[in-house]
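Structure record follows, encoded as structure tokens.
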Amino acid sequence: MPAILELDRVNAGYGRVRVVHELSLVVPEGAVVALLGPNGAGKTTTLRVIAGALPPTDGDIRVDGRSVRGASAYEMTRRGVTLVPEGRGVFPALTVAENLDLASRSHRGRSAQERTAAIASVLDRFPVLGERQDQKAGTMSGGEQQMLALGRAFLSDARLLLFDEISMGLAPLIVAELFDAVAALRDEGKTVLLVEQFLTYALGLADLCYVMAKGRVVFTGDPGELRHTGGQYLAGAAS
């Protein structure tokens with residue numbers, strides 16, 4: 001499969017503190033790629049660099065083979081790259097209905113009738129959102145907010161979705177439902193790069209895995225290989 005995203009020897013950090021060191025990775029189009037590793041490995045920083053929220057200090061980032069180094073978060077969104085950050089990617093002061101409507105309008109070329117149908121499909125997938133349409137997103141539970149964040153992802157025109165710890169702090173049953181939704185996004189043709197601490201779900205869904213430690217990639221391979229040989233790389237990560 002062609003690569004939708006390539007990082008080539010990227011360095012990044014905050015001030016004088018370098019967090020990511022000479023990082024290279026490839027995300028094939030249409031794949032689910034898991035970015036794993038213990039806390040502090042540099043995974044969230046990597047996603048922020050890809051999304052345009054943090055400029056790299058060195059190296060190159062390419063989308064569809066073209067350099068996007070230095071592109072802003074807005075420019076990356078226009079190129080079809082969307083980050084769902086840790087801690088829910090919703091507008092807390094807006095209602096559920098308003099959150100979904102905004103996401104549906106971001107899809108260029110979609111008619112009003114198509115927007116309505118797309119929102120109805122999201123509500124079918126997450127019935128609790130249908131019951132909360134007039135509720136402000138910030139007053140919902142963590143699991144409900146994460147469902148709304150994924151619902152917004154279904155409605156966007158993003159080609160590459162970056163998920164940062166979507167299971168954080170949630171009950172296992174809700175986590176299972178969220179990962180079913182991620183699988184559905186993949187089946188709809190989206191490419192997914194996810195940072196995740198629930199290894200069982202991440203390895204069950206991923207086509208390709210990268211493991212980071214101390215800001216560097218220390219393992220690249222398929223999930224089966226990681227299950228058998230990668231335990232040493234995942235020290236400190238959840239199971």
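The values are calculated or read from the model by the stated rules, or taken from the named source; none is laboratory data. Since the structure is predicted, the reported quantities are computational estimates derived from the model, not experimental observations. Glycine also receives a Cβ, built like all others from the backbone with ideal geometry; neighbour counts cover every protein chain displayed.
In summary, strands (runs of 3 or more DSSP E) completely within the stretch 123-239 and bearing 3 or more residues that are buried (at least 20 other Cβ atoms within 10 Å of the Cβ) occur at 160-164, 191-195, 208-213.
Looking only at residues of the stretch 105-115 that are loosely packed, with under 13 Cβ neighbours inside 10 Å and among the polar types (S, T, N, Q), we find that the one that is modelled with the highest pLDDT is Gln113. Say we look at the stretch 61-77 and pick out the residues that are among the basic types (Lys, Arg) and surrounded by 12 or more Cβ atoms within 10 Å (Cβ to Cβ); which of these is nearest to Leu161 (Cα to Cα)? By that ranking, first place goes to Arg62. Looking at the stretch 121-172, which of its residues are more than 23 Å from Gly80 (Cα to Cα), of a type in the set (A, V, I, L, M, F, W, C) and without any contact (Cβ under 8 Å) to a residue 60 or more places away in the chain? Listed by number, the residues that qualify are Leu123, Phe126, Val128, Leu129, Ala137, Met140, Leu170, Ala171. Taking the criterion of being free of Cβ contacts under 8 Å to residues at least 24 places away in the same chain and within 19 Å of Gln146 (Cα to Cα), the residues of the stretch 77-101 that qualify are Glu98, Asp101.
Condition check: part of a loop (DSSP other than H, G, I, E, B), modelled with pLDDT of 95 or more, out of contact with any helix residue (DSSP H, G or I) (no Cβ under 7 Å at 6 or more places or on another chain) and over 27 Å from Phe198 (Cα atoms). Does Ala93 satisfy that? Here the answer is no, as Ala93 does not meet what is asked.
Could you please find all residues in the stretch 1-59 being surrounded by fewer than 20 Cβ atoms within 10 Å (Cβ to Cβ), assigned to a strand (DSSP E or B) and in contact with an Asp or Glu (Cβ under 6 Å, 6 or more places away or on another chain)? Passing the criteria: Asp8, Arg9, Asn11, Ser24, Val26, Gly59.
Selection of the stretch 35-50 for residues being closer than 24 Å to Tyr74 by Cα and of a type in the set (A, V, I, L, M) yields Leu35, Leu47, Val49, Ile50.
The number of residues in the stretch 16-49 that are modelled with pLDDT under 95 and farther than 18 Å from Arg216 by Cβ comes to 1. Apart from one condition, Leu25 fits all of (1) touching a Phe, Trp or Tyr at 6+ places or on another chain (Cβ under 8 Å); (2) among the hydrophobic types (A, V, I, L, M, F, W, C); (3) within 19 Å of Glu86 (Cα to Cα); the exception is (3). Checked against the criterion of being closer than 21 Å to Leu54 by Cβ and outside the structural domain of Ile50 (by TED's automatic domain parsing), the candidates Gly130, Gly89, Gly142 yield just one match: Gly89.
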